[in-house]
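Q: Pasting a structure here, questions to come.
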Amino acid sequence: MIPFNKPFLTGKETAYIEQAVSSGMISGNGMFTKQCQHFFETKYHIKKALLTTSCTDALEMCAILLNIKEGDEVIIPSYTFVSTANAFVLRGAKIVFADSKSEHPNIDETKIEALITPKTKAIVVVHYAGFACEMDTIMAIAKKHSLFVVEDAAQAIESYYKGKALGSIGHLATFSFHETKNIISGEGGLLAINDEQFIERSEIIWEKGTNRSAFFRGEINKYGWVDIGSSFLPSEIIAAFLWAQLETIDDIQAKRKLIWNQYASQLQPLEDKGFIKLPKHPEYSTNNAHMFYVLCRNYDERTQLISFLIAKEIKAVFHYLSLHKSVFYHSKHDGRMLPMTDSYADRLLRLPLFYELDLKDVSYIANQIKAFYEH
Ligand SMILES: *Cc1c(COP(=O)(O)O)cnc(C)c1O
């Protein structure tokens, strides 16, 4: 069976973990943590980066930093992972779900302004498949209405909007290193702070509500409880693993792009014949080859294609279910129809894409999809 995903190990992970362990410093915020954070700050021009135990945790930190409270409204695409919304629901926010674009699952920036009310506090955008949202427009809307923008860049490492790294544009942004992403640490994430007003408090929230980070830098002579917070920082063991991956990012990205491009060129004839749609990234976005998906014509066809591929020993998987229709949120949703979200929930199918996937297997997968449509 060709799996959907297989976590890639560069080979240096265990050596770095041994180094962290033998250094005697295995709690958080040590040398490897600082190296990983520095990597994001310098390469992607992020003002302050903090490693977290997951992207979910980084999103929860965003909700705390933005002082989200009962009754606040946050605009979020419905076609996303639950954590994007859940982090804000935990602080009492009402989620106002936005629809996706017709040409791409990203939030439709032209529909955002109509959702803003006096209670709106923030817009959370998701760079789906690593393709950028229309950030100039979204930042301008936020500025006009004094709102904050959070980029859920979980899938978007090493992708750019008009030359700017995704995760460096919103007031805050979050990354994921879950084993399904391009760069992994098993579980893991990062909070990017691009608006300086949040830097000092972010370290406090990260350190269980204490000013311990400032203490260790010698800026204050004792530390204590100064705010709310939690245990958001990962151990050095996780950071050591992550460092091995970050060091190898160019190689990882090059291989993923090869796979992506081969899928695209081999499946193009099926799009030309009107059977499927292929992912199209807007001209303002790069492609970080996080995901290769196809859009089937309808739900039943996708179900048949999944079964057909399973019979050919290929594991292809669908993705998000509309959050506005979820068991937890449908009764809280304001009832608006979100047709594009539903359409992606029904029609999108992700194909295997991982570092060790052989190009011969990519060819085999593409040929099986052709066989399905040509029968
Ligand atoms: C993976 C993912 C998350 C969650 O990341 P974790 O690190 O597993 O918490 C959140 N949002 C999006 C868009 C994701 O793809």
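Q: Would you point out which residue out of 180, 110 is within 26 Å of residue 292 (Cα to Cα), open to solvent by 20 Å² or more (accessible area, probe 1.4 Å), assigned to a loop (DSSP other than H, G, I, E, B) and out of contact with any strand residue (DSSP E or B) (no Cβ under 8 Å at 6 or more places or on another chain)?
A: 180
Q: A further question follows. When residues of the stretch 154-197 are filtered for being over 17 Å from residue 61 (Cβ atoms) and not hydroxyl-bearing (Ser, Thr, Tyr), how many remain?
A: Here the count works out to 16.
Q: So for the stretch 140-149 (the condition being in contact (Cβ under 8 Å) with a residue 40 or more places away in the chain and surrounded by 24 or more Cβ atoms within 10 Å (Cβ to Cβ)), does at least one residue qualify?
A: Looking for residues that are in contact (Cβ under 8 Å) with a residue 40 or more places away in the chain and surrounded by 24 or more Cβ atoms within 10 Å (Cβ to Cβ), one finds none in the stretch 140-149, hence no.
Q: Still on this structure, I have one more. Identify the residue in the stretch 159-174 that is more than 15 Å from the ligand (Cβ to nearest atom) and part of a loop (DSSP other than H, G, I, E, B) and, among all such residues, is surrounded by the most Cβ atoms within 10 Å (Cβ to Cβ).
A: 169
Q: Could you tell me whether residue 208 is on the phi > 0 side of the Ramachandran plot and either open to solvent by 70 Å² or more (accessible area, probe 1.4 Å) or not hydroxyl-bearing (Ser, Thr, Tyr) (or both)?
A: For residue 208, the condition - on the phi > 0 side of the Ramachandran plot and either open to solvent by 70 Å² or more (accessible area, probe 1.4 Å) or not hydroxyl-bearing (Ser, Thr, Tyr) (or both) - is met.
Q: Of the numbered conditions (1) open to solvent by 10 Å² or more (accessible area, probe 1.4 Å); (2) more than 20 Å from residue 290 (Cβ to Cβ), residue 154 satisfies every one except a single condition; which is it?
A: So residue 154 meets the others, but not (2).
Q: Among the residues of the stretch 50-65, how many are outside any helix (DSSP H, G or I), open to solvent by 10 Å² or more (accessible area, probe 1.4 Å) and more than 9 Å from the ligand (Cβ to nearest atom)?
A: Of the residues in the stretch 50-65, 0 are outside any helix (DSSP H, G or I), open to solvent by 10 Å² or more (accessible area, probe 1.4 Å) and more than 9 Å from the ligand (Cβ to nearest atom).
Q: Okay, next question. Yes or no: the stretch 276-288 includes at least one residue that is open to solvent by 50 Å² or more (accessible area, probe 1.4 Å), of a type outside the set (A, V, I, L, M, F, W, C) and in contact with a Ser or Thr (Cβ under 7 Å, 6 or more places away or on another chain).
A: Yes, that holds for at least one residue.
Q: Does at least one position in the stretch 2-9 carry a residue that is touching a Pro at 6+ places or on another chain (Cβ under 7 Å), more than 16 Å from the ligand (Cβ to nearest atom), at pLDDT 95 or above and in a loop (DSSP other than H, G, I, E, B)?
A: Yes, there is a match, as at least one residue in the stretch 2-9 is touching a Pro at 6+ places or on another chain (Cβ under 7 Å), more than 16 Å from the ligand (Cβ to nearest atom), at pLDDT 95 or above and in a loop (DSSP other than H, G, I, E, B).
Q: Right, another one. For the stretch 70-90, name all the residues that are within 10 Å of the ligand (Cβ to nearest atom), farther than 14 Å from residue 325 by Cα and either surrounded by 24 or more Cβ atoms within 10 Å (Cβ to Cβ) or in the same structural domain as residue 323 (by TED's automatic domain parsing) (or both).
A: Within the stretch 70-90, 84, 87 meet the criteria.
Q: A further question on this structure: If a residue must be farther than 21 Å from residue 350 by Cα and within 7 Å of the ligand (Cβ to nearest atom), how many such residues does the stretch 175-192 contain?
A: 3
Q: Oh, and also: When you scan the stretch 224-338 for helices (runs of 4 or more DSSP H) that lie fully inside it, which ones turn up with 2 or more residues that are touching a Gly at 6+ places or on another chain (Cβ under 7 Å), over 25 Å from residue 369 (Cβ atoms) and not hydrophobic (A, V, I, L, M, F, W, C)?
A: Filter on the stretch 224-338 gives an empty set.
Q: Confirm whether residue 6 is surrounded by fewer than 16 Cβ atoms within 10 Å (Cβ to Cβ), of a type in the set (D, E, K, R) and not assigned by TED's automatic domain parsing to the domain that holds residue 124.
A: It is true that residue 6 is surrounded by fewer than 16 Cβ atoms within 10 Å (Cβ to Cβ), of a type in the set (D, E, K, R) and not assigned by TED's automatic domain parsing to the domain that holds residue 124.
The values are calculated or read from the model by the stated rules, or taken from the named source; none is laboratory data. On a predicted model such as this, the values are computed, not experimentally measured, just so you know. No Cβ is skipped: glycine too gets one built from the backbone with ideal geometry, and neighbour counts run over all protein chains shown. All accessible areas refer to the heavy atoms of the entire protein, side chains included, with ligands and DNA or RNA removed. Shrake-Rupley method; radii C 1.70, N 1.55, O 1.52, S 1.80 Å.
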